[in-house]
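Engineer: Dumping the structure here so I can ask a few things about it.
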Amino acid sequence: ASALDKYCWDGKWYIYATKDNGEPIGSKENKYGKIFLNSQTWAIISKIAPDGKIPSMLKSVEKYLYRDCGSILLYPAYHEVDEGIGYITRYAPGSRENGGVYTHAATWAVWMECLLGRKEKAWELYKKICPAYSGLNPDLYQAEPYVTPGNIDGPDSSTYGRAGWTWYTGSAAWLYKVSTAWLLGVRPIYEGLIVQPCLPDGWDGFKMKRFFRNASYEICVKRGQKKSGEVSIVVDGKDTSNPVIPAFNDNKVHKVEITI
């Protein structure tokens, strides 16, 4: 953490990498690829970023990387091939890893926002990469609205907002993971299931059926008259102060009621 803080902080965000000759990639010194998304999101996910650097980093991410079609991978796109970086600079500007919305990385931005408790921003970013929402503008999106694309063209592309590489299972898995485990907040840990929703203000709650370790859980989350941060959990009709729902492993159905 101290080495990253010393050598990778670029003043307002984290650099992405260095070339073999030591030149930075993802730095304000660069003509193209000044800022990369993954360096910022994973600084939060990995808990590396000091609290004092987070506001500046988030401001930079919002300014350069959060776009109408989702979170782009880098900005600005490369318009020249850079042998020291490699194949991403060979894609057309705004396409795939060269300044496009690469869905894997865009889901990690949603994850980051959930970790920071910025629920409205997390939901906003999710909607921008959710095929069901993007498909409402088919002339722009030009992809199936029922499968997750690998990428969406970024602002440096002449087809900005067009999706491609659909039926990409890795992207679909990550979108599902972030949707259920971080927005809805139902995720497995070693001890059992933990439920920590990150819901936008307009949601009253949700219901989910979750199979986990040879048991089924019917989970109902609803808003109540709780103070911020307070949560009540009832498992099979019994109140519990334990935030972790145990793994019953009994091939039975268990009802879980959570008030936030």
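Here is a yes/no grid of residues against (1) closer than 14 Å to residue 4 by Cβ; (2) of a type outside the set (A, V, I, L, M, F, W, C):
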site: 38; (1), (2): yes, yes
site: 53; (1), (2): yes, yes
site: 56; (1), (2): no, yes
site: 61; (1), (2): no, no
site: 64; (1), (2): no, yes
site: 73; (1), (2): no, no
site: 80; (1), (2): no, yes
site: 84; (1), (2): no, yes
site: 87; (1), (2): no, yes
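Engineer: Could you list, ordered by first residue, the pairs with Cβ atoms under 6 Å in which the first is in region 246-260 and in contact (Cβ under 8 Å) with a residue 12 or more places away in the chain and the second is β-branched (Val, Ile, Thr), at least 6 apart or interchain?
Structural biologist: 256/219; 256/235; 256/245; 257/234; 258/195; 258/221; 258/233; 260/231
Engineer: If you check residue 199 against the conditions, is it open to solvent by less than 20 Å² (accessible area, probe 1.4 Å), of a type in the set (A, V, I, L, M) and modelled with pLDDT under 95?
Structural biologist: Numbers: open to solvent by less than 20 Å² (accessible area, probe 1.4 Å): yes; of a type in the set (A, V, I, L, M): yes; modelled with pLDDT under 95: yes.
Criteria met by residue 199.
Engineer: I would also like to ask the following. Test residue 217 against the criterion of being at pLDDT 95 or above and exposed (fewer than 15 other Cβ atoms within 10 Å of the Cβ), and give yes or no.
Structural biologist: It is false that residue 217 is at pLDDT 95 or above and exposed (fewer than 15 other Cβ atoms within 10 Å of the Cβ).
Engineer: What do you reckon, is residue 160 in a strand (DSSP E or B) and modelled with pLDDT of 95 or more?
Structural biologist: On the way: in a strand (DSSP E or B): no; modelled with pLDDT of 95 or more: yes.
Against the criterion (in a strand (DSSP E or B) and modelled with pLDDT of 95 or more), residue 160 does not qualify.
Engineer: I'm checking my understanding of the structure. Among residues of region 1-19 that are aliphatic (A, V, I, L, M) and open to solvent by less than 40 Å² (accessible area, probe 1.4 Å), which one is nearest to residue 61 (Cα to Cα)?
Structural biologist: We begin by selecting, within region 1-19, every residue aliphatic (A, V, I, L, M); these are 1, 3-4, 15, 17.
Subsequent filtering for residues that are open to solvent by less than 40 Å² (accessible area, probe 1.4 Å) retains 15, 17.
Details: 15: 13, 17: 17 Å.
Ranking the qualifying residues of region 1-19, first place goes to 15.
Engineer: Mind listing whichever residues of region 50-107 are modelled with pLDDT of 95 or more and among the aromatic types (Phe, Trp, Tyr)?
Structural biologist: 64, 66, 75, 78, 91, 102
Engineer: If you take the residues of region 172-187 that are touching a strand residue (DSSP E or B) at 6+ places or on another chain (Cβ under 7 Å) and in a helix (DSSP H, G or I), which of them is surrounded by the most Cβ atoms within 10 Å (Cβ to Cβ)?
Structural biologist: Taking region 172-187 and keeping what is touching a strand residue (DSSP E or B) at 6+ places or on another chain (Cβ under 7 Å), we get 180-181, 184-187.
If we keep only those that are in a helix (DSSP H, G or I) as well, we get 180-181.
Values: 180: 14, 181: 16.
Selected residue: 181.
Engineer: Could you check, for region 123-132, whether at least one of its residues is over 22 Å from residue 199 (Cβ atoms), touching a strand residue (DSSP E or B) at 6+ places or on another chain (Cβ under 7 Å), surrounded by 16 or more Cβ atoms within 10 Å (Cβ to Cβ) and modelled with pLDDT of 95 or more? Reasoning before the result, please.
Structural biologist: So in region 123-132, the residues over 22 Å from residue 199 (Cβ atoms) come out as none.
No, region 123-132 contains no residue that is over 22 Å from residue 199 (Cβ atoms), touching a strand residue (DSSP E or B) at 6+ places or on another chain (Cβ under 7 Å), surrounded by 16 or more Cβ atoms within 10 Å (Cβ to Cβ) and modelled with pLDDT of 95 or more.
Engineer: Quick one: in region 182-217, which of the residues that are in contact (Cβ under 8 Å) with a residue 60 or more places away in the chain and touching a Cys at 6+ places or on another chain (Cβ under 7 Å) is nearest to residue 252 (Cα to Cα)?
Structural biologist: Among those residues, the one meeting the criterion is 185.
Engineer: Going through region 20-55 one residue at a time, which ones are of a type in the set (Gly, Ala, Ser), part of a loop (DSSP other than H, G, I, E, B) and open to solvent by 30 Å² or more (accessible area, probe 1.4 Å)?
Structural biologist: Taking region 20-55 first, the residues of a type in the set (Gly, Ala, Ser) are 22, 26-27, 33, 39, 43, 46, 49, 52.
Still in the list and also part of a loop (DSSP other than H, G, I, E, B): 22, 26-27, 33, 46, 49.
Correct list: 22, 46.
Engineer: Just wondering, is there one or more residues in region 68-82 that are under 13 Å from the mean Cα position of the chain (by Cα) and farther than 19 Å from residue 172 by Cβ?
Structural biologist: Step one: filter region 68-82 for residues under 13 Å from the mean Cα position of the chain (by Cα), giving 70-73.
Remaining after also requiring farther than 19 Å from residue 172 by Cβ: 72.
Checking region 68-82: at least one residue is under 13 Å from the mean Cα position of the chain (by Cα) and farther than 19 Å from residue 172 by Cβ.
Engineer: Looking only at region 197-222, which residues are in a loop (DSSP other than H, G, I, E, B) and out of contact with any Gly (no Cβ under 9 Å at 6 or more places or on another chain)? Quick ask: steps written out before the conclusion?
Structural biologist: Taking region 197-222 first, the residues in a loop (DSSP other than H, G, I, E, B) are 197-204, 212-215.
Within region 197-222, 200, 201, 202, 203, 204, 214, 215 qualify.
Engineer: Ok, one more. From the set of residues in region 56-67 that are within 16 Å of the chain's Cα centre (by Cα) and open to solvent by 20 Å² or more (accessible area, probe 1.4 Å), which is farthest from residue 149 (Cα to Cα)?
Structural biologist: Only one residue tops the list, namely 62.
Engineer: Which residues, counting only those in region 141-171, are crowded, with 18+ Cβ neighbours inside 10 Å and of a type in the set (A, V, I, L, M)?
Structural biologist: Of everything in region 141-171, those that are crowded, with 18+ Cβ neighbours inside 10 Å and of a type in the set (A, V, I, L, M) turn out to be 143, 152, 163.
The values are calculated or read from the model by the stated rules, or taken from the named source; none is laboratory data. If you're wondering where the values come from, they're calculated on a predicted model, not measured in any experiment. No Cβ is skipped: glycine too gets one built from the backbone with ideal geometry, and neighbour counts run over all protein chains shown. Keep in mind that these areas ignore ligands, DNA and RNA; they rest on the heavy atoms of the full protein, side chains included. Shrake-Rupley method; radii C 1.70, N 1.55, O 1.52, S 1.80 Å.
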